[in-house]
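Novice: Can you keep this structure in mind? I'll have questions shortly.
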Amino acid sequence: NKAQAWSARFSEPVSDLVKRYTASVGFDQRLARQDIQGSLAHAEMLAAVGVISNEDYAAIQKGMASILEEIDAGRFAWSIDLEDVHLNIEKRLVELIGDAGKRLHTGRSRNDQVATDIRLWVRGEIDHALELLGHMRHALAGLALEHAATILPGFTHLQVAQPVTFGHHLLAYAEMFGRDAERLADCRKRVNRLPLGAAALAGTTFPIDRERVATTLGFDGVCRNSLDAVSDRDFAIEFCAAAALIMMHISRLSEELVLWMSPRVGFIDLADRFCTGSSIMPQKKNPDVPELARGKTGRVYGHLMALLTLMKGQPLAYNKDNQEDKEGLFDAADTIRDTLTIFADLIGGIRVRPEAMRQAALQGYATATDLADYLVRKGVPFRDAHEAVARAVRACEDKRCDLSDLALEDLQSFHSAIGQDVYGFLTLEGSVAARAHTGGTAPERVRAEAERILAQTAAA
Ligand code: ARG
């Protein structure tokens, strides 16, 4: 079994099943680009400090360039005999350039190599996700600006509570995705540290220059403890936690989109390109995309839990358990990337039905609180006002009418402080316009917030 890098130490080859069981090349070949990038930075440093010659470094550069070409063209012959992406690439390098290729691994181990590759990969995914979150927030703010004054019933307990504006509702999600972006940006600081130089676990006897490698690779600094550098994956866990929160927010939004699109509610219609029909029921237009996104949230939560569990029992330093970090991490990143890309487009394509929203808002005594507040301004203590309005609502329920449909004498029978001016406060428009403080639902406020977010995400 001469194929394996450590074969001299072994007297029998591993069985085929064990080979498949221990190999990761089937999935970690996704790290090829980062692996080559890391190797080149390492080789450049080895040459700079005189551990390898400049000729060796030049040969390594050339060899890696051909390997990258082979990979891009789909011509690279990945072999399960070589276990993982690192050994596959190294073996090919040696085939192409001989001894110079064999010198590349000086002062390095696959342990610090793989940790570096993953960090580079996660960093790239974070940067992409940040861009996508910007698009998403831009789309939400754009639609919010259009619907800054569109009345929507606000719900608590899924019961009509108070009128809000649809724009305000959309901007609630823009806030959530804004925090998600902050979280990713913060996580990036801890991702962006260089493990290389830790070697297998204890560092290396060669006069390496880790800071130089860090600069070459765009890291903000180096991992300060070699044991920690090769073994910890908390940065990947943090990324998955941020991804899980993104999906949680997407899932809440999805739940609302599904509800709003239900013919019983009819607040919105999604563009056809995000829906599918039924193979049996001709009338159907199903909101498949939000439903699937809601469903996919579960797998991202699962990856987070798997990674946490993967780490919890590991003694220092590197253990092969860590090879299991990749598939879930990749899938979490793929899921948020696809989901955010689709959703930014989906939001822009929402058709809003303001009349249905308005009708729904008219049906749940949404301005009852406004009537209570009105009484308070006339000097009535809030608890008494609340009581009087509750009685008025009961009367409306009996008569099957809205508060604003009651005659002044009827209203006055619930409290004598009510005057003709009350009707201005019982309208949906009056109710939202009166909430013009920071964070409020008034159209002027929503416009200002939407514009702020649009400007913030303009480049996106
Ligand atoms: N494929 C391995 C991983 O994903 C690379 C590091 C292997 N190191 C080792 N000593 N077996 O973690």
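Novice: What FRET efficiency do you get for Ala271 and Met248 if R0 is 25 Å and r is their Cβ-Cβ distance, rounded to the nearest 0.05? Intermediate results must be reported in sequence, preceding the final value.
Specialist: Working: r = 24 Å, r/R0 = 0.98.
E between Ala271 and Met248, to the nearest 0.05, is 0.55.
Novice: Separate question: Compute the distribution of all C-alpha to C-alpha distances in region 359-448, in bins of 5 Å from 0, and list the percent of pairs in each, rounded to whole numbers.
Specialist: Here the calculated profile for region 359-448 is 3, 15, 25, 24, 18, 10, 5, 2, 0.
Novice: Which value in nm describes the separation of the simple spin-label points at Glu429 and Ala185, placed 7 Å from the Cα toward the beta carbon?
Specialist: Distance between the two pseudo-spin positions: 3.9 nm.
Novice: Turning to a different aspect of this structure: Ranking Glu70, Glu12 by Cβ neighbours within 10 Å, fewest first, what do you get? List each step's numbers first, then the result.
Specialist: Values: Glu70 15, Glu12 6.
Least crowded to most crowded, the residues run Glu12, Glu70.
Novice: Multiplying the sequence separation of Arg353 and Asp421 by 0.36 nm and subtracting their Cα-Cα distance, what value in nm do you get?
Specialist: Details: separation 68, 0.36 × 68 = 24.48 nm, distance 3.06 nm.
The Arg353-Asp421 span can extend by a further 21.4 nm.
Novice: Cβ neighbours within 10 Å, averaged per peptide: list 16-27, 242-253 in order, most packed at the top.
Specialist: Values: 16-27: 13.3, 242-253: 22.5.
So the peptides 16-27, 242-253, ranked by packing, come out 242-253, 16-27.
Novice: Here is a further query. Go through 224-234, 48-58 and give me the packing order, highest mean Cβ count within 10 Å leading. Present the calculation step by step, with values, prior to reporting the outcome.
Specialist: Values: 224-234: 19.2, 48-58: 15.4.
Peptide ranking by packing, descending: 224-234, 48-58.
Novice: Within region 431-460, whose backbone N sits under 15 Å from a point 7 Å along Cα→Cβ of Asp373?
Specialist: 431-446
Novice: Tell me the relative contact order for region 200-285 as a rounded percent, counting alpha carbon contacts under 8 Å between residues six or more apart. Spell out each step's value before the answer.
Specialist: Details: 34 pairs, mean separation 12.2, N = 86.
With pairs under 8 Å counted, the relative contact order is 14 percent.
Novice: Once you keep just the Cα pairs under 8 angstrom separated by 6 or more residues, what percentage relative contact order results for the chain?
Specialist: Answer for the chain is 18 percent.
Novice: Another question about this same structure. Given points 7 Å out from each Cα along the Cα-Cβ axis, report the Leu17 to Ile280 separation in nanometres with one decimal.
Specialist: 4.3 nm
Novice: Taking amide H positions as placed in the peptide plane 1.01 Å from N, state which residues far from Leu152 in sequence (5 or more) or on other chains have amide H under 5 Å from it.
Specialist: Val164, Thr165, Phe166
Novice: Assuming R0 = 56 Å, what is the FRET efficiency of Glu255 and Asn54, from their Cβ-Cβ distance, to the nearest 0.05? All intermediate terms of the calculation are to be shown ahead of the outcome.
Specialist: Working: r = 60 Å, r/R0 = 1.08.
Efficiency, from the Cβ-Cβ distance: 0.40.
Novice: Residues with beta-carbon under 15 Å from that of Arg337, excluding Arg337: net charge, scoring Lys, Arg +1 and Asp, Glu -1? Please report the intermediate quantities before stating the final value.
Specialist: Values: positive: Arg30, Arg123, Lys296, Arg299; negative: Glu125, Asp127, Glu131, Asp180, Asp331, Asp334, Asp338, Asp345.
That works out to -4.
Novice: Please report Rg (one decimal) and Dmax (integer) in Å for the Cα set of region 119-274.
Specialist: Rg and Dmax of region 119-274, Cα atoms, are 22.1, 72 Å.
Novice: Restricting things to alpha carbons, tell me how big region 381-430 is in terms of Rg and Dmax, in Å.
Specialist: For region 381-430, the Cα-based Rg and Dmax read 10.5, 28 Å.
Novice: For the chain, just the Cα set please: Rg and Dmax, both in angstrom.
Specialist: So, for the chain, Rg and Dmax equal 30.4, 101 Å respectively.
Novice: Which loop-located trypsin sites (Lys or Arg not before Pro) does region 270-362 contain, where loop means any DSSP state but H, G, I, E or B and the Cβ has at most 16 other Cβ atoms within 10 Å?
Specialist: Values: sites: Arg273, Lys284, Lys285, Arg294, Lys296, Arg299, Lys312, Lys320, Lys326, Arg337, Arg351, Arg358; in loops: Lys284, Lys285.
Sites meeting the loop and neighbour criteria: Lys284, Lys285.
Novice: What Kirkwood radius, in Å to one decimal, follows from the Cα pairs of region 301-383? Don't skip to the end; give the middle numbers.
Specialist: On the way: mean 1/r = 0.0536 Å⁻¹.
Taking every pair of different Cα atoms in region 301-383, averaging 1/r and inverting gives 18.7 Å.
Novice: OK, next. Over what distance in Å are the Cα centres of region 333-360 and region 33-90 separated?
Specialist: 44 Å
Novice: Of the listed pairs Lys62/Lys102; Lys189/Lys326; Lys102/Lys189; Lys62/Lys91; Lys19/Lys91; Lys91/Lys320, which have alpha-carbon separations greater than 23 Å here?
Specialist: On the way: Lys62/Lys102 14 Å; Lys189/Lys326 20 Å; Lys102/Lys189 34 Å; Lys62/Lys91 15 Å; Lys19/Lys91 17 Å; Lys91/Lys320 21 Å.
Going by Cα-Cα distance, Lys102/Lys189 fall outside the 23 Å limit.
Novice: Compute the length gained on full extension between Leu227 and Arg400: take 0.36 nm times their separation in residues and subtract their Cα-Cα distance, giving the result in nm to one decimal.
Specialist: Working: separation 173, 0.36 × 173 = 62.28 nm, distance 7.20 nm.
Between Leu227 and Arg400, full extension yields 55.1 nm more.
Novice: Then there's this: Taking each pair of distinct Cα atoms in region 64-200 once, what is the resulting Kirkwood hydrodynamic radius in Å? Kindly include the intermediate steps, with their values, before the conclusion.
Specialist: Details: mean 1/r = 0.0517 Å⁻¹.
Final number for the Kirkwood radius of region 64-200 is 19.3 Å.
Novice: About its Cα centre, what dipole magnitude does the chain give when the only charges are +1 on Lys and Arg Cβ and -1 on Asp and Glu Cβ, stated in debye to the nearest 20?
Specialist: Numbers: 53 positive and 63 negative charges, 81 e Å.
Computed charge dipole of the chain: roughly 380 debye.
Novice: While we're here: Specify the inter-centroid distance of region 182-227 and region 244-303, based on alpha-carbon positions, in whole Å.
Specialist: About 42 Å separates the Cα centre of region 182-227 from the one of region 244-303.
Novice: Report the relative contact order of region 282-359, percent, no decimals, based on alpha-carbon pairs under 8 angstrom and at least 6 residues apart. If you can, show how the numbers build up before the last one.
Specialist: Details: 20 pairs, mean separation 23.9, N = 78.
About 31 percent, as a whole number.
Novice: Going from the alpha-carbon gyration tensor of region 221-376, what semi-axes, largest first and in whole Å, does one get by taking the root of 5 times each eigenvalue? Mind showing how you got there, number by number?
Specialist: Working: eigenvalues 376, 99, 30 Å².
The answer is 43, 22, 12 Å, longest axis first.
Values in this text are rule-based calculations from the coordinates and carry no lab data. Small disclaimer: the values here were computed from a predicted structure and weren't measured. Cβ coordinates were reconstructed from backbone atoms using ideal geometry, including for glycine residues, and neighbour counts include every protein chain displayed.
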